[in-house]
Amino acid sequence: MSVITAENLTKRFGHFVAVDSVSFQVGPGEIFGFLGANGAGKTTAMRMLCGLSKPSGGKGTVAGFDIERKPEKVKASIGYMSQKFALYEDLTVRENIRLYAGIYGVPGKLIGPRTDALLRRLGFQKEKDTFVKALPLGWKQKLAFSVAIFHDPKVVFLDEPTGGVDPAARRQFWELIYEAAHGGITVFVTTHYMDEAEYCDRVSIMVDGKIEALDSPQNLKARFGSESMDQVFRQLARKAMREVD
Amino acid sequence: MVEVLGVHKKYGKVRALEDLSFRVGRGEIFGIIGPDGAGKTTLFRILTTLLLADSGEARVDGFDVVTGYRDIRARVGYMPGRFSLYQDLTVQENLEFFATVFGTTITANYHLIRDIYDQLKAFNSRRAGKLSGGMKQKLALCCALIHKPEVLFLDEPTTGVDPVSRREFWEMLKRLKAQGITILVSTPYMDEAVLCDRIALIQHGRFLRIDTPRNLVVQYPVRLLSVKGPSMFTLLRELRALKGIRSCYAFGDSHHVAVEDELLTPESLREKLRAMGHEGVEAEYIQASVEDCFMELASTGAAS
């Protein structure tokens, strides 16, 4: 049973085909890397899967809900985190958790114990009343990810989650991702770090709105005769013709 | 071309830069490598005379950053981390504007920007705000070059840019270096470090080490193993619990294991893991990367 399905999913803006009939399926607990050059259509595709933008053609389901007909159900079943926006800087760690838990409808009596457990797991007990803006970036991102899965969603969407983070924090972040996937959450992630693509169970590479390749990092490297995902990516993305973000 | 001696900078109680010293020679590509918040931008702003250091000295092309700021401003090109061109001006208007401000013309130094500008020409009349990320980056570089600077300061020029455009950008930097321009470039991407002549690794406002990328990686203090197996997540936890292991981090498709105990060889490690129930584990010695070095130096708190 797939947690995410896309079938000829398409999005047009006027004459411009941002996402051109893409199809794929992602299983439970899978870490799925969604790669592509700037302007390849990743964000547009992700917005459709999150129920934020209606497809112009094709269909898709997330956590069993049709993205076009049940976008509100989709939104309630997913978690989302991006590098650009994740937490409220002027709220404390605990207030951010409380806010998101409320928005995602976590029952009131569960919020307290889950918050304690989360703070303990991250080693953040001392920082629970610290304003988020005072935390180092690496901590913020770990907290943002934990908040995004606080309501135990079926799927979490991560849009370039690790930009600018120091190498050790980036690895700790990926360990949280592994752990979530191990616990059955499907992880859909975009990144510009090609070494991070290697952490994924499977990756798709988008070029000019189409999926040009989709397989495990190991198989892709073998198929393109490359030593790294960076080389695979460059071979494919060089074909890109369009120049629009 | 750039000399920095004992520079300090505080923002309130936060120590943004602590006792930084380094020199960059003419025609060198010098990389400042470190995560967000390490102090890269503060350093660049001091060297481009936009911010005063609390103490210490800095000279660019022979001029002091405090007393010679006017001379420096005419001699450096600066590309800030955030896109800072005029969004409502077109590509051509932005270029003309920067040329005029520096008392020159687009044609006077056209040879410097030709390679880059050729890729922008098709969008000459498009407003800068409507360009894609990669195109904005190219236009910003053209504007920073239009007055033929001696030194170019590029603050995270490739952040958020896809790997193909990043590669092209570094090719452009090599061509500029060949024309005698000195380049200071900061980046959070450790894989770009090897493209610099020398690098300074920075964290919490301090340099961890200044060296060539080659010297840096050969001086990695312990043996490093790459370990792969069918169950990477449990493997990671169990490796960390083993004796004689200094650190263990997930590096994409493998775990990098720094071993303190010389007796821990790929063979003996495989054997140990097999006894713990991990079948089919691959382990081999590898050369450390700049990223391994950064993590090692950051964890031991080494100072340069």
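Rule-based calculations on the coordinates, nothing more; no lab input. Note that the structure is a prediction, hence the values are computed from the model and not measured. Glycine gets a Cβ as well: all are built from the backbone with ideal geometry, and neighbour counts include every protein chain shown.
Per DSSP H run of n ≥ 4, the term is -39500 (n - 2.57); total these for chain A, divide by its residue number, and report the mean residue ellipticity at 222 nm rounded to 500 deg cm²/dmol.
Calculated mean residue ellipticity at 222 nm is -10500 deg cm²/dmol.
Counting other beta carbons within 10 Å of each Cβ, put A:23, B:84, A:228 in order, fewest first.
Result, fewest neighbours first: B:84, A:23, A:228.
Just to check I understand the Karplus step: with θ = phi - 60° and J = 6.51 cos²θ - 1.76 cosθ + 1.60, what whole-Hz values come out for the stretch A:150-158, glycine and proline as x?
4, 8, 6, x, 6, 9, 10, 9, 10
Counting trypsin sites (Lys or Arg not before Pro) as exposed when in a DSSP loop with at most 11 other beta carbons within 10 Å, what is the longest stretch of chain B free of them? Let's see the in-between values first.
Details: sites that count: B:13, B:82, B:243.
In short, B:83-242.
Once phi is turned into ³J(HN,Hα) by the Karplus curve 6.51 cos²θ - 1.76 cosθ + 1.60 with θ = phi - 60°, what whole-Hz value does each residue of the stretch B:171-183 show in order, with x for glycine and proline?
So the J values, rounded to whole Hz, are 4, 5, 4, 4, 5, 5, 4, 4, 8, x, 7, 7, 10.
Under 5 Å between amide hydrogens, which residues at least 5 positions from residue B:247 or on another chain qualify, with H placed 1.01 Å from N in the peptide plane?
B:258
Extending each Cα 7 Å along its Cβ direction at residue B:271 and residue B:69, get the distance between those two points in nm, one decimal.
Going from the residue B:271 label point to the residue B:69 one covers 6.7 nm.
Could you work out, residue by residue across B:161-171, how many beta carbons of other chains sit within 10 Å of that residue's beta carbon, and then give the average as an integer?
5
Other chains' Cβ within 10 Å of B:247-255 residues: what's the mean?
For peptide B:247-255, the averaged partner shielding equals 6.
Would you mind computing, in nm to one decimal, how far apart the modelled labels at residue A:52 and residue B:87 are, each placed 7 Å from Cα along Cα→Cβ?
Those two pseudo-labels are separated by 1.8 nm.
May I ask which of A:75/B:228; A:54/A:84; A:133/B:10 have a Cα-Cα span longer than 29 Å here?
Violating the 29 Å Cα-Cα cut-off are A:75/B:228.
Which ³J(HN,Hα) values, rounded to whole Hz and listed in residue order, are derived for the stretch A:63-70 from phi using the Karplus coefficients 6.51, -1.76 and 1.60 in 6.51 cos²θ - 1.76 cosθ + 1.60 with θ = phi - 60°, glycine and proline given as x?
Result, ordered by residue: 6, x, 9, 6, 5, 8, 8, 10 Hz.
How much net charge surrounds residue A:115 when only other residues with a Cβ under 9 Å from its Cβ are counted (Lys, Arg +1; Asp, Glu -1)? It would help to have the intermediate numbers written out before the result.
Working: positive: A:94, A:98, A:114, A:128; negative: A:116.
Charge balance near residue A:115 sits at +3.
Report the gain in length on full extension from residue A:210 to residue A:125: 0.36 nm times residue separation, minus Cα-Cα distance, nm rounded to one decimal.
26.1 nm
Can you give the extra length, in nm with one decimal, that the chain gains between residue B:54 and residue B:215 once fully stretched, where that is 0.36 nm per residue apart less the Cα-Cα distance? Write out the running numbers ahead of the final one.
Details: separation 161, 0.36 × 161 = 57.96 nm, distance 3.23 nm.
Difference between extended and current length: 54.7 nm.
Counting only helical runs of four or more DSSP H residues, what would the 222 nm mean residue ellipticity of chain B come to if each run contributes -39,500 (n - 2.57) and the total is spread over all its residues?
Rounded to the nearest 500, the figure is -10000 deg cm²/dmol.
Quickly rank B:252-258, A:32-38 as a protection proxy: mean count of other C-beta atoms within 10 Å, highest first.
A:32-38, B:252-258
Provide A:66, A:90 in ascending order of the number of other Cβ atoms located within 10 Å of each residue's Cβ, fewest first.
Placing the least packed residue first, the sequence is A:90, A:66.
Could you work out how far apart the two model spin labels at residue B:5 and residue B:222 are, taking each label as a point 7 Å from the Cα in the direction of the beta carbon, and quote it in nm?
3.9 nm
Counting Lys and Arg as +1 and Asp and Glu as -1, what is the net charge of the other residues whose Cβ lies under 12 Å from the Cβ of residue B:197? Before the final figure, lay out the partial values.
Details: positive: B:26, B:174, B:177, B:198, B:214; negative: B:28, B:211.
Charge balance near residue B:197 sits at +3.
Just add up the charged neighbours of residue B:293: K/R +1, D/E -1, any other residue whose Cβ is under 12 Å from the Cβ of residue B:293.
-2
I need the GluC sites (Glu not before Pro) found in the stretch A:184-230, filtered to DSSP loop residues with at most 14 other beta carbons within 10 Å of theirs.
Answer in residue order: A:227.
Could you tell me how far the Cα centroid of the stretch A:77-128 sits from the Cα centroid of the stretch B:1-29, in Å?
38 Å
Could you work out how far the C-alpha centroid of the stretch B:120-147 sits from that of the stretch B:248-304, in angstrom?
Cα centroid of the stretch B:120-147 versus Cα centroid of the stretch B:248-304: 44 Å apart.
Place a point 7 Å from the Cα of residue B:19 along the Cα-to-Cβ direction; which residues of the stretch B:204-234 have their backbone N under 14 Å from it?
B:205-209
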